[in-house]
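J.: Have a look at the structure that comes next, please.
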2 protein chains.
Amino acid sequence: MKRFTMLSAAGIDKAREVMEVTMGRAKADLVITNGTLLNVYTGELLPGQNVAIKAEWIAHVGPEGEERIGSATKVIDARGKFMVPGFIDSHAHIADGFSKPSEFLKYAVASGTTTVVTELMEPYPIAGYEGILDFLESFKDQPVKVFATAPAMVSTSKSARGLSEEVLSKLFLRENVLGLGESYWQGVLQEPEVFLPNFKKALDMGKKLEGHSAGAKGSRLMAYLSTGISSCHEPTDAHEVLERLRLGIHVMAREGSVRRELDEIAKIRDAKIDLRRLILVTDGLNPVDLHDMGNMDHVVQKAIDCGFDPVSAIQMATVNPAEYFSLEGIVGGIAPGKHADLLILPDIQTIKPEWVISMGQIAFTAGELVLQPRDHLFSERSLNTVHLTRRFDASDFSISAAGRTSPAKVRVIDQVTDLVTKEHVASLPVIDGKIQADPVKDLLKIAAIDRVVSPGKKALGLIRGFSLRAGAVASSSAWDTSDIIVVGENEKDMAGAVNRVVELHGGAVVCVGGEIKAEIPLPIFGLMSDLPMEPLAQAYRKLAKTMKALGCPLKDPLRTLTTLTCAAIPFLRICEEGLVEIKTGKKVGLFVD
Amino acid sequence: MKRFTMLSAAGIDKAREVMEVTMGRAKADLVITNGTLLNVYTGELLPGQNVAIKAEWIAHVGPEGEERIGSATKVIDARGKFMVPGFIDSHAHIADGFSKPSEFLKYAVASGTTTVVTELMEPYPIAGYEGILDFLESFKDQPVKVFATAPAMVSTSKSARGLSEEVLSKLFLRENVLGLGESYWQGVLQEPEVFLPNFKKALDMGKKLEGHSAGAKGSRLMAYLSTGISSCHEPTDAHEVLERLRLGIHVMAREGSVRRELDEIAKIRDAKIDLRRLILVTDGLNPVDLHDMGNMDHVVQKAIDCGFDPVSAIQMATVNPAEYFSLEGIVGGIAPGKHADLLILPDIQTIKPEWVISMGQIAFTAGELVLQPRDHLFSERSLNTVHLTRRFDASDFSISAAGRTSPAKVRVIDQVTDLVTKEHVASLPVIDGKIQADPVKDLLKIAAIDRVVSPGKKALGLIRGFSLRAGAVASSSAWDTSDIIVVGENEKDMAGAVNRVVELHGGAVVCVGGEIKAEIPLPIFGLMSDLPMEPLAQAYRKLAKTMKALGCPLKDPLRTLTTLTCAAIPFLRICEEGLVEIKTGKKVGLFVD
């Protein structure tokens, strides 16, 4: 793994050109004058600073330096304003945010997020190595830097589990792949023989191991972290943060669409501990949140609003993550030789960038994007990942109880929070040798249907908590798998929703009484939309509203639906192979014998 | 560059064995009970902690964990005592400390220094790549870990300058070579074409660039650091430290034999800035200091005595350097999965280790070494590096002024502090076509004589400040070169001293009136003694005393002598090619025309 620096990135000749400006022997391309600079290394606010930029790089920083302004130099007067480094989102899930990369990046830029580290896990089980390459390609030549972590693929589905050493090695040879992505602790401790060889490969190639230790504590947490895992973005309160910081890892506090934990986590400020290893992240944002709230600007603002000192909060989004990912040679601070990624803020408490400079370019100012992200043309293969070979009908969702006496005892996925499920056991009548949903008791049917590896292979079950009074909802985005996930009050609408997802080449669909009531087309890997953000956010809102009108009490119903296949969140999940108990990683039957 | 972790270092099977202890399913080899633990990550002092160790590794840390004690488990009761991570000396010069590695390591171990990062620059111009390998070999299988940085070889002597890309690449492929060693800023800015390709090679291979920016400031400092340099151990006061920290590098505050700067640097504590990037180092210790004061224990104690909070001071010798060198996966803190390197202190203010645990082994306790460093057998080649082919006589040191009128104006190296020289111009009579030393005016003769590349090639000059009333002193240790350096009141003793250095196959020698009055044999590369520390320290003391008795006012005369060839310290130096002006890097003539 190389060290990221101006010299290694730009080469000797370019670096020497920048150094000429540093030395005052050549003129800068851009100089920002007279701002108060946040030096994140020392934590100081330094007034009256000028920052001289040459090409993509910061050439000079200091109270002097006006001699670097020539007739062709662009000057921004920052008098009365504050200069801070561009923000880093250290744990993004671009492919899980429903918007395509170029749309995501528009909002990242506007929010002052000049570096993104995203997971690659979502497209992998769907489109494999080639799909990942296509996805990575979409980050090239963009106004901000996007790094990635290779898929770890802890999964409920055996067909999605793990990566070959060969594919991993190829990914790790790529400079912009910084590590192995989140490896859920349960799976790692359950099957170390599957995951530790990949961990070792990552470490041997100089990469970081992203953790995911939701709910782990004590000796199991220690065993998990001692495999070399160096981060966790899952703690939900100050106590869990403290336990993890004490174990020597970096802790990512998230404030995003999946969870918002800063209110609780911010209580850590009362512990008066060293916070150099606390990092702010989103862990992914849906179109509505991205559109309405922004990206890292929102997270940093929230940290300040929760009582963190603004300097400390900004360190958590700049130098702390830069150090964690060994990116400190190019990002995370305003200093000569670093990428010219910086924001001009009206004051240090108000995280609303007036200017966003990214790699030396003005990317955003006066409320408008100046640099437009490039719209990547995804390959035909990436746009064609839903491979069900026939239309589904109601009978595909009937659950056979042949040979069982009525009532039969069945396991039910009990949605006890928006993310966590428990196992509930229900007694259901066997009618015509089949188990029926019982909407009155909120027992709906659920199915996970593989769309890639063994198209049509499926598992059926029951779920409580979606509370649909009618219809069905289906999604081709289903965490850690290549499944379509569908929940319904009746089999016909389940088939209708799934068939529409297939017609759309991927999407999220609500079908009621045979009619499509809401849909979001997600043709890119079946995960991301090709719509601009505005109509996408509108469609996202409509789908949630439609679900709520049908009785669904969940805050973000599509999000909850997509997590039903996830191998990380306790306790009972489903994939095309059947029901999975997360605590053991084992398949369990639908019937309790 | 791989990531240092238990998994990458010990392999999967060993790591899983340790994890069994972590999980409480197997017994530990060693458990330290009931100590107050300094958690350097959070800066907390946590009472009542147990640390369980399996093989070289920390398996478990916490208030519980007694179930990991079996009948074969060694137990250390740390009740009432403090556990802190083993110290890291991030900038050592083992080959410049006159003692051989095994003797140095005895004192390192006793001082609680469980990780050393040493320069390799000293043997390189003398013994080349093979010599470096032999030197590196001496660090293997030792009770503490020794990492190294490859020689950068900024030198006054062209023959010693730079390294081939081929040799560098081979060194960088070695895991324990963490970076490119100190590259003096003057040389880098004067000849970027020589040094930047090696910088790029280092960065591309994942290595760090050690800096040396003594006296640099403002735009020249910025230009130097923007080449990718990420540390400097040269600032002498809080102001210089602050300027460097603001520029985003790690600053090493040294308290060693060459310089002691903590009294001044510690004033930085009043700035109330973030100190995560401040690191404590020795920058090398001579035998007397090592013997009388210790190694990092002394430096950390001094930092506390200078007013740093003990937690902060210990962070500067543990987690801060571990993070700087990307070693945080194995050292720098007490946490599961890290190397079991830790000290038991009587209290957090008193840096006097009662126990030193290194890689899981008790290395030192009750004032005694338990683990003896291995005495490396250096190769014949490494022991035979003084290649003058003939004995020298007085005439070798006569300075011709043929054809010049008397008096002649000559440049004199003016030793204005123990390290810094200035150019002084003196008028000296030309007698018999020759320039004479003038001891009455403290104008002595100096010579630098190559002993490897062009054996016998020499340059002569004059020096003020050694103030010898008689005799001469010579040393085969002469920074950045393969020279013997000699200063004398008369030519005959200069020859006598040099001849004795040759007889010893390397050494430091004082010759007065034809008699050897003091000497230190330095047969290993002509740099290091094969004596145990006690007699070596005695010989070192005697040499200084002898010099002082001859009128020399320098605090550590041998140290000053060895630096006279150095390319880093202003302003006028000498090597076998002639006098060198450090500001320009150019050779200058002895005569001022």
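J.: Just want to confirm a number: the relative contact order over region B:163-258, from Cα pairs under 8 angstrom separated by 6+ residues, in percent.
T.: 23
J.: Just to be sure I understand the curve: with the Debye formula and one point per C-alpha of region A:304-429, what is log10 I(q)/I(0) at q = 0.21 Å⁻¹?
T.: For region A:304-429 at q = 0.21 Å⁻¹, log10 I(q)/I(0) is -1.26.
J.: Kindly write out, for region A:381-393 in residue order, the coupling ³J(HN,Hα) from the Karplus curve 6.51 cos²θ - 1.76 cosθ + 1.60 (θ = phi - 60°), rounded to whole Hz, with x marking Gly and Pro.
T.: Listing the rounded values in order: 5, 5, 8, 9, 10, 10, 10, 5, 8, 9, 6, 8, 10 Hz.
J.: Suppose we keep just the DSSP beta bridges with both residues in region B:381-515; what percent of those would be antiparallel, to 5?
T.: 90
J.: Post the alpha-carbon centroid distance, region A:4-70 to region A:421-458, in whole angstrom.
T.: That distance is 62 Å.
J.: On average, how many beta carbons from a partner chain sit within 10 Å of the beta carbon of a residue in B:239-248? List each step's numbers first, then the result.
T.: Values: counts 0, 0, 1, 3, 1, 1, 5, 12, 10, 17.
Mean inter-chain Cβ contacts per residue within 10 Å come to 5.
J.: Based solely on its DSSP helices, what 222 nm [θ] is calculated for chain B when runs of n ≥ 4 H residues each add -39,500 (n - 2.57) and the sum is averaged over all residues, nearest 500 deg cm²/dmol?
T.: So the calculated ellipticity at 222 nm is -7500 deg cm²/dmol.
J.: Hey, another quick one. Dipole of region B:236-324, Cα-centred, from +1 at each Lys and Arg C-beta and -1 at each Asp and Glu C-beta, to the nearest 20 debye?
T.: 300
J.: Shifting gears a bit: Could you work out how far the C-alpha centroid of region B:132-192 sits from that of region A:560-593, in angstrom?
T.: Computed from Cα coordinates, the inter-centre distance equals 55 Å.
J.: Can you tell me the order of B:124-133, B:324-333 when each peptide is scored by its average per-residue count of other Cβ atoms within 10 angstrom, highest first?
T.: B:324-333, B:124-133
J.: How do B:484-496, A:256-268 rank on mean C-beta neighbours within 10 Å, highest first? Write down the numbers at each step before the final one.
T.: Values: B:484-496: 26.8, A:256-268: 20.4.
Output ranking for B:484-496, A:256-268: B:484-496, A:256-268.
J.: Something else: Under unit Cβ charges (Lys, Arg +1; Asp, Glu -1), what dipole magnitude, rounded to 20 debye, does the protein assembly as shown have relative to its Cα centre?
T.: The calculation lands at about 340 debye.
J.: In addition: Please report the relative contact order for chain A, taking Cα pairs under 8 Å with a sequence separation of at least 6, and give it as a percent rounded to a whole number.
T.: That works out to 15 percent.
J.: Distance cut-off 19 Å, Cα to Cα: go down the list A:K422/A:K445; A:K302/A:K545; B:K458/B:K545 and report the pairs above it.
T.: A:K302/A:K545; B:K458/B:K545
J.: Tell me the per residue accessible area of region B:423-564 using a 1.4 Å probe; a whole number in Å² is fine.
T.: Result: 33 Å² of accessible area for each residue.
J.: Now, a different point. Give me the compactness ratio for the protein assembly as shown, meaning the Cα radius of gyration over 2.2 N^0.38 Å.
T.: Normalised by 2.2 N^0.38 Å, the Cα Rg of the protein assembly as shown equals 1.04.
J.: How many nm separate the modelled label positions at B:E67 and B:L45, each set 7 Å beyond the Cα in the direction of the Cβ?
T.: If labels sit at B:E67 and B:L45, their model points lie 3.2 nm apart.
J.: Also, quick follow-up: Within region B:445-559, what whole-number % of the accessible surface is contributed by carbon and sulfur, with the 1.4 Å probe and all protein chains included in the calculation?
T.: 54
J.: In nm, give the distance between the simple-model label positions of B:S395 and B:D438, each being 7 Å from the Cα along the Cα-to-Cβ direction.
T.: Placing both labels 7 Å along Cα→Cβ, they lie 2.7 nm apart.
J.: Using every alpha carbon pair in region B:37-153, what percent of pairs falls into each 5 Å bin from 0 up to the bin containing the largest distance?
T.: 2, 9, 17, 17, 13, 12, 10, 8, 6, 4, 1, 0
J.: How large is the convex hull of the Cα atoms of region A:472-547 per residue, expressed in Å³ as a whole number?
T.: Value for region A:472-547: 79 Å³ per residue.
J.: So, one more: Could you work out the per residue convex hull volume over the alpha carbons of region B:335-378, in cubic angstrom? Can you show the working numbers first?
T.: Working: hull volume 4.7 nm³, N = 44.
So the per-residue Cα hull volume is 106 Å³.
J.: Given the convex hull of the Cα atoms of region B:113-267, what is a quarter of its surface area in nm²?
T.: 9.5
J.: Can you say what percent of the DSSP beta bridges in region B:1-92, counting only those with both residues inside, are antiparallel? Round to 5.
T.: On the way: 12 of 18 bridges.
In region B:1-92, DSSP labels about 65 percent of beta bridges as antiparallel.
J.: Work out the length of the dipole vector of chain A about its Cα centre, built from +1 on the beta-carbon of each Lys and Arg and -1 on the beta-carbon of each Asp and Glu, and round it to the nearest 20 debye.
T.: 880
J.: Then there's this: Counting only other chains, and only Cβ atoms inside 10 Å, what mean value do you get across the residues of A:215-224?
T.: The shielding value for this peptide is 6.
J.: If you don't mind, there's one more thing I want to ask. I want the antiparallel fraction of DSSP beta bridges within the protein assembly as shown, as a percent rounded to 5.
T.: The antiparallel fraction comes to roughly 70 percent.
J.: Now a separate question. Using only atoms on other chains, find how many Cβ atoms lie within 10 Å of each Cβ of peptide B:191-200 and report the average.
T.: The shielding value for this peptide is 3.
J.: Now, a different point. If I model a spin label at A:V75 and A:K217 as a point 7 Å from the Cα along the Cα→Cβ vector, what separation in nanometres do I get?
T.: If labels sit at A:V75 and A:K217, their model points lie 5.9 nm apart.
J.: Follow-up. Got the relative contact order for region A:468-593 handy, in percent, Cα pairs under 8 Å and 6 or more residues apart?
T.: 22 percent.
J.: Tell me, what ³J(HN,Hα) does each residue in region A:565-573 have, in order and in whole Hz, if you take phi through Karplus 6.51 cos²θ - 1.76 cosθ + 1.60 with θ = phi - 60° and put x for Gly and Pro?
T.: Per-residue couplings from phi come out as 9, 6, 7, 9, 9, x, 10, 10, 10 Hz.
J.: Additional query: With only alpha-carbon atoms counted, please give the Rg and Dmax of chain A, in Å.
T.: Answer for chain A, Rg first and Dmax second: 24.9, 90 Å.
J.: Taking a point 7 angstrom from the Cα of A:E191 along the C-beta vector, which residues in region A:133-165 have backbone N less than 15 Å away?
T.: The answer is A:152-165.
The values are calculated or read from the model by the stated rules, or taken from the named source; none is laboratory data. Since the model is a prediction, treat every value here as computed from it, not as a measurement. We place every Cβ from the backbone using ideal geometry, glycine too, and count neighbours over all the protein chains shown. Protein only, heavy atoms only, side chains kept; ligands, DNA and RNA dropped before computing areas. Shrake-Rupley method; radii C 1.70, N 1.55, O 1.52, S 1.80 Å.
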